[in-house]
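The values are calculated or read from the model by the stated rules, or taken from the named source; none is laboratory data. All values derive from a computational prediction rather than experimental measurement. Virtual Cβ from ideal backbone geometry, glycine too; neighbours counted across all protein chains shown.
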Amino acid sequence: MMAQEKETKLPVGSSCILEGPLDPCSIIILGATGDLASKKLIPALFKLYSNGALPEHFLICGCGRTPLSQGAFRKRLEALLGEGKMGQVEKLTSFLSAVYYHRVDFDDPSSFDALASWLHEKEPEMGLKGRLFYFALPPSLYAKSARLVGSSTLSARKEGRWLRLVVEKPFGHDLYSARELDKILHSYFNEDEIFRIDHYLAKETVQNILIFRFTNSLFEPLWNRRYVDYVEITAAESIGIGNRAAYYERAGVLRDMFQNHMMQLLALIAMEPPASFETSTVRSEKIKVFQVLRPIPLDRINDFLKLGQYGPGRVGGRPVPGYRQEPGVDPGSIVPTYASMKVFLDNWRWQGVPFYLTSGKRLAEKNTHIAIQFKEVPHSMFRNVLGEHIMANRLVIGIAPEERISLTFQTKAPGPKICLRSVTMDFSYKEMGEAPLLDAYEKVLIDCIQGDQMLFWHQEGVERSWAFLTPILERIEDPSCPCGLTIYEAGTWGPRFPENEEAQ
Ligand code: BG6
């Protein structure tokens, strides 16, 4: 069954694509030669440019420690963007003409002053009105970079010019370091100038959760402890840690996926309807969800949290190493790459409903989704013919790669006998011919340039999320904790509990 769309569909190119012209601005990427810039930011900027979605006047200034000439940096980007489908020769040439490179030395503040002088000259010529600093840097450099940018004339306030700072997660390593980092950021920037990215929030399917919940009256009356049995939020990945051992060994799955993406998905599913679609009201409803997270009893942590780490196996038909064999990983590492956590929300709506949050690397396939499992019917009039058990309804919100919403319900299977059959009613973006128009990084960049913080973390949310997770992390990282870590074979669906536990 397929959801049919009403005739009133907004045409492509209508106001649901982009509002108004964007301010002409400088986009200054610190860490321009790194992975994030090459894999995500530069391709996203080029795609926006190709679609006419960047401001009419802009410059991109890549900054990094690597000594590179302007020409060499442009050549790198040309090679990067020329690959595959990104190659559109004319557009690429004009895009590259707006790209510059500046070498900066994080131990030499004068290199930031030199960058500032160059911008001071360049920007008025081009009529640029804003400066967006994007920290595509290792987190260990955030504080230092904020000081360098903040104490140089790069961040000098000027009438009619805006400044924005974009930071990627992780925002700190625990509650204390998150507060420390925030103190430093706030010594130079105001809260409305700080954009803490969670790229999950910019996914079309994640934004759709709010629309789905709060524009359809059908589900809201059921969205509570009376009708919902449990909720599953799953982010399964088939990839391993790649070349990120240095970061991942300090992070593990709880810092990498739970503190941010999983918490945001939880908030969107569990929050109360905001009074209006405004940044402050939406963010404050989400914060209320973090406020009511029931602390996990540390003396019974194993009842609420299962941890795993991938061992060698096969993914997509080819052999892959285990986590401990990945380059740069300690061969005796006990860092979890998989976690499944049961959480409760202590409020009226969700009392007693378990939320199962699961995420892992090197699982059988990539699959991020949220499942709302409704309760079974209270009484079955069919018990004599069908038995007691009638499957309950299930609503699945596919985030990626399946961008769909499907609802499972029971029908009579055709035939002379009364037999049940589960069927699903589906909405799929792809089948509608509407794959998301903007990828997450494109959306993030547009929002930053527009100054729209709706899809970004507020510091209070960051701290509440850390306040919930920090005691858990301290407990599992305490060598005396009997918190089991199960090794699972790469390419499977992760550890099986409790039958085959191989606690390490
Ligand atoms: C990142 C994590 O934030 O999200 C990665 O650091 C993870 O480890 C990635 O692979 C998952 O994002 P997506 O969009 O592929 O689900």
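Values for this structure:
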item	result
Test: F195 is in a loop (DSSP other than H, G, I, E, B) and among the aromatic types (F, W, Y)	no
Tally of residues being buried (at least 16 other Cβ atoms within 10 Å of the Cβ) and not charged (D, E, K, R) across the range 117-140	10
Only one of F355, F374 that is within 20 Å of F258 (Cβ to Cβ) and over 18 Å from the mean Cα position of the chain (by Cα)	F355
Extreme residue, farthest from I296 (Cα to Cα), among residues of the range 450-477 that are under 19 Å from the mean Cα position of the chain (by Cα) and of a type in the set (A, V, I, L, M, F, W, C)	M454
Conditions (1) closer than 30 Å to Q450 by Cα; (2) in contact with a Phe, Trp or Tyr (Cβ under 8 Å, 6 or more places away or on another chain); (3) not in a helix (DSSP H, G or I); number of the one not met by G240	(1)
Test result for Q351, loosely packed, with under 15 Cβ neighbours inside 10 Å and either modelled with pLDDT of 95 or more or within 30 Å of R300 (Cβ to Cβ) (or both)	yes
Matching residues in the range 485-504 - criterion: being touching a strand residue (DSSP E or B) at 6+ places or on another chain (Cβ under 7 Å) and modelled with pLDDT of 60 or more	L485, T486, I487, Y488, E489, A490, G491, T492, W493, G494, P495, F497
Selection count where residues are acidic (D, E) and buried (at least 16 other Cβ atoms within 10 Å of the Cβ), scope the range 386-423	2
Members of the range 18-48 that are hydroxyl-bearing (S, T, Y) and within 23 Å of the chain's Cα centre (by Cα)	T33, S38
Test: residue in the range 139-159 that is without any contact (Cβ under 8 Å) to a residue 12 or more places away in the chain and within 20 Å of D105 (Cβ to Cβ)	yes
Every residue from the range 209-239 that is more than 16 Å from the ligand (Cβ to nearest atom), among the β-branched types (V, I, T) and surrounded by 15 or more Cβ atoms within 10 Å (Cβ to Cβ)	V228, V231
Among the candidates L154, L181, L141, L201, residue that is within 16 Å of the ligand (Cβ to nearest atom), hydrophobic (A, V, I, L, M, F, W, C), modelled with pLDDT of 90 or more and out of contact with any strand residue (DSSP E or B) (no Cβ under 7 Å at 6 or more places or on another chain)	L201
Matching option when the condition is modelled with pLDDT under 95 and touching a Ser or Thr at 6+ places or on another chain (Cβ under 8 Å), among L92, L59, L80, L36	L80
Residue that is farthest from V228 (Cα to Cα), among those in the range 318-339 that are among the hydroxyl-bearing types (S, T, Y) and buried (at least 20 other Cβ atoms within 10 Å of the Cβ)	Y323
